[in-house]
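Only the coordinates and a few stated rules stand behind these numbers; no lab work does. These figures come from a predicted structure and were not determined experimentally. Note that each Cβ is placed from the backbone with ideal geometry, even for glycine, and that neighbours are counted across all protein chains shown.
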Amino acid sequence: MSEIVFLVEDAPEAGVAARALGHSIFTEADTYEELRHLVRDAVQCHFDEPDRPKVIRLHYVKDEVLAV
């Protein structure tokens, strides 16, 4: 595997949360910078060295509702 994609969203309480697409990896943090570190750590823990993806893609989704 060359790449793993995480869906990143604002957490309901506070901070940000990331969930890997197609894998059972989830983490959350108070800041985006902290989340980047935790995602990298989670990927290293989840995969053995030969199976570890070379690239981690963070796809930040922000849902906004506008009143008309």
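Numbers below:
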read-out	value
Cα lying deepest toward the dipole's positive end in the chain, options V16, P50, L38, charges on Cβ	P50
Most mobile listed residue (V39, V55, V16) in the chain, GNM with C-alpha springs under 10 Å	V55
Label zone at Y32 (point 7 Å along Cα-to-Cβ), backbone N below 17 Å, segment 1-25	6-12, 14-19
GNM top mover of D41, D30, D51 - the chain, alpha-carbon springs below 10 Å	D51
Selection of GluC sites (Glu not before Pro), the chain, meeting DSSP coil and at most 12 other Cβ within 10 Å	E13, E64
Segment V55-E3, extension gain: residue separation times 0.36 nm, minus the distance between their alpha carbons	18.3 nm
Neighbour net charge for V61 - beta-carbon separation under 14 angstrom, K R +1, D E -1	-1
Beta bridges by DSSP in the chain, antiparallel share as percent, to the nearest 5	60 percent
Neighbour count of at most 12 Cβ within 10 Å plus DSSP loop: longest trypsin sites (Lys or Arg not before Pro)-free window in the chain	1-53
For the chain, calculated [θ]222 nm from helices alone, where every DSSP H run of n ≥ 4 adds -39500 (n - 2.57)	-7000 deg cm²/dmol
